[in-house]
Amino acid sequence: MANHKSAIKRIRRNERAHQHNRLVITSMRTHLKGARAKLAGSSEADAQESLRKAVSALDHAAQKGVVHRNNAARRKSRLMLAYNKAAAARQTA
């Protein structure tokens, strides 16, 4: 346990930041999971809407520093590749 006032305050601040970061990460993962599910078997409009929300959640997490900007860019890129692949499959079917 910390003995100094500043260390005790820092522990409190770290815990608040940790809780906020977990909230952002959980939200981001939820949107990503939903987007992947909608890409697999849903209509074009549903897929686009879920993709938009997932990209927005990734951008928000990157802007807040919860995930690295390259991590967010990589995830968005893979999501867009999956979207394009699913869209091509819908057109041929």
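Values quoted throughout were computed directly from the atomic coordinates according to the rules given, and no laboratory measurement underlies them. What you see is a predicted model, and the numbers here were worked out from it, not measured in a lab. When we count neighbours, we look across all protein chains shown, and the Cβ atoms used for this are built from the backbone with ideal geometry, even at glycine.
Worth pointing out:
- Listed peptides 19-26, 73-80 appear in the order 73-80, 19-26 once ranked by packing, highest mean of other Cβ atoms within 10 Å at the front.
- Around Ser56: net Lys/Arg minus Asp/Glu count, Cβ-Cβ under 13 Å: +3
- Under the membrane-span-like helix rule (DSSP H runs whose alpha carbons stretch at least 27 Å along the helix axis, mean Kyte-Doolittle hydropathy -1.0 or higher), the chain yields 5-41, 44-64.
- Contour excess over end-to-end distance, with Cα ends at Arg78 and Asn3 and 0.36 nm allotted per residue: 22.3 nm
- Calculated FRET efficiency for the pair Glu15/Lys64, C-beta based, R₀ 22 Å, to 0.05: 0.85
- Taking every alpha-carbon pair in the chain and binning the separations at 5 Å intervals from zero gives 2, 14, 20, 17, 12, 10, 8, 6, 4, 3, 2, 1, 1, 0 percent.
- Members of Lys38/Lys76; Lys38/Lys64; Lys33/Lys85 lying beyond 22 Å, as alpha-carbon distances in this model show: Lys38/Lys64
- Using only alpha carbons, the range 1-46 has a radius of gyration to Kirkwood radius ratio (Rg to Rh) of 1.42.
- This ranking places Thr30, Thr92 by how few other beta-carbon atoms lie within 10 Å of each, fewest first, which gives Thr92, Thr30.
- Rg followed by Dmax, in Å, when the range 43-93 is reduced to its Cα trace: 12.5, 41
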